[in-house]
Amino acid sequence: MDRATRVVVLTGAGISTESGIPDFRGPQGVWTKNPQAEKLSNIHYYMADPEVRKASWKARLEHPAWNAKPNAGHFALAELEKRGKLHALITQNIDEFHQMAGNSPDKVLEVHGTVRKVVCMACGMTAPMQKALDRVRAGEEDPPCRDCGGILKSATISFGQQLVPELIERAMRAAGEADLFFTVGTSLQVYPIAGAVELANGAGAKIVILNAEPTPFDEIADAVFREPIGALLPKLLQP
Ligand code: NAD
């Protein structure tokens with residue numbers, strides 16, 4: 001880490017579990033405990049079934065992100081940027097905790113979007129999530145777009161939905177430019193972004209993996225750590 005000058009970090013849901021936001025596939029994961037919940041993350045069910053949308057809005061009202069805060073792991077990555085070593089922070093998370101911890105928005109590549117905004121699936125209008133949630137609290141179970149009547153959804157990438165090609169390109173380009181590629185709290189099962197590890201490795205970067213459970217890339221990694229992120233990351237990144 002001391003020698004590295006272009007660190008690219010890839011984070012996943014595991015960095016936010018210590019803030020109280022469950023991951024999907026860990027032992028306490030949302031899908032591990034309730035496989036049906038996966039339906040709420042699938043664009044086809046969401047667009048076709050008003051009952052799925054109503055359930056999604058209910059779940060958004062209760063989303064743990066509204067009352068949670070970034071933790072020591074997020075702050076350690078903000079420090080890494082202050083030291084001038086962070087080339088890019090690719091995140092699969094939708095909670096915006098990296099920006100809240102102090103990473104600059106231009107370093108953070110949110111490849112799965114953000115839950116703090118809504119988007120209209122018909123006209124593309126975007127608006128703050130809290131405004132839509134106010135409408136749900138006021139009794140609209142599935143609030144439509146105020147501009148065109150279209151279906152509103154959180155500005156996240158659901159399963160079955162297209163990723164934003166420019167963002168994926170930027171993430172992959174950054175991975176290819178890294179001298180150290182560091183994955184934090186991700187099971188590395190979701191493609192294409194998991195492919196960034198292979199790409200960085202092929203381009204000669206050292207690979208470091210910090211995740212409580214094994215990942216498919218542990219064998220090609222130069223170092224693998226299993227400790228809790230909030231405790232280990234600040235120590236690992238200390239100058
Ligand atoms: P994942 O659920 O597939 O994997 C998370 C991994 O983190 C697990 O392997 C788990 O063992 C590990 N982990 C959990 N807490 C940890 C800790 N404290 N210390 C060390 N390791 C820990 O998550 P993923 O790979 O990010 O993929 C899931 C998808 O779900 C992502 O695409 C993301 O968009 C979405 N998601 C986001 C959030 C969020 O924004 N906070 C939360 C849940 C899901």
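The shape of region 169-209 comes out oblate: with a ≥ b ≥ c from the C-alpha gyration tensor, a/c is at least 1.5 while a/b does not beat b/c.
Here r is the Cβ-Cβ distance between residue 49 and residue 213 and R0 is 35 Å; the resulting FRET efficiency, rounded to 0.05, is 0.60. In terms of the Cα gyration tensor, with a ≥ b ≥ c the square roots of its eigenvalues, is region 29-68 rounded because a/c is under 1.5, prolate because a/b exceeds b/c, or oblate? Note, shape of region 29-68 comes out oblate. Whole-percent P(r), region 1-47, all Cα pairs, 10 Å bins from 0: 23, 33, 26, 13, 5. For the listed peptides 4-16, 188-200, a ranking on the average number of other beta carbons within 10 Å per residue, highest first, reads 4-16, 188-200. So if we plug the beta-carbon distance of residue 189 and residue 222 into 1/(1 + (r/R0)^6) with R0 = 30 Å, what FRET efficiency do we get, rounded to 0.05? With a Förster radius of 30 Å, E is 0.90. Note on the chain: with charges restricted to the Cβ of Lys and Arg (+1) and Asp and Glu (-1), its dipole about the Cα centre is near 480 debye. For region 16-124, the mean projected area of the C-alpha convex hull, equal to one quarter of the hull surface, is 7.9 nm².
Across all directions, the shadow cast by the convex hull of region 107-239 built on its C-alpha atoms averages 10.5 square nanometres. For the chain, a Kirkwood radius taken over Cα pairs fed into Stokes-Einstein (4 °C, viscosity 1.567 mPa s) yields D = 70 µm²/s.
Within the shell of other residues whose beta carbon sits under 11 angstrom from the beta carbon of residue 15, the net charge comes to -3, with Lys and Arg scored +1 and Asp and Glu -1. Grab every C-alpha pair in region 145-198, bin the distances at 5 angstrom width from 0 up to the longest one, and report whole percents. Cα pair-distance distribution for region 145-198, in percent: 4, 14, 20, 21, 16, 8, 7, 6, 3, 1.
Prolate is the label for region 167-239, because the ratio a/c of its alpha-carbon gyration tensor axes (a ≥ b ≥ c) is 1.5 or higher and a/b is greater than b/c. Counting only DSSP beta bridges with both residues in the chain, the antiparallel share comes to about 30 percent.
Compared with the dominant principal axis of the Cα atoms in the chain, helix 165-177 is inclined by about 10°. Quick one: with all protein chains in place, what share of the accessible area of the chain is carbon or sulfur, to the nearest percent (1.4 Å probe)? C and S fraction of accessible area: 53 percent.
From its DSSP helices (H runs of at least four residues, each -39,500 (n - 2.57)), the chain gives a residue-normalised ellipticity at 222 nm of -9000 deg cm²/dmol.
The values are calculated or read from the model by the stated rules, or taken from the named source; none is laboratory data. Since we're looking at a predicted model, the values are computed, not measured. Reconstructed Cβ throughout: ideal geometry from the backbone, glycine too, with neighbour counts over all protein chains shown. Each accessible area value is taken on the protein alone, full model and side chains, heavy atoms only, with ligands, DNA and RNA left out. Shrake-Rupley method; radii C 1.70, N 1.55, O 1.52, S 1.80 Å.
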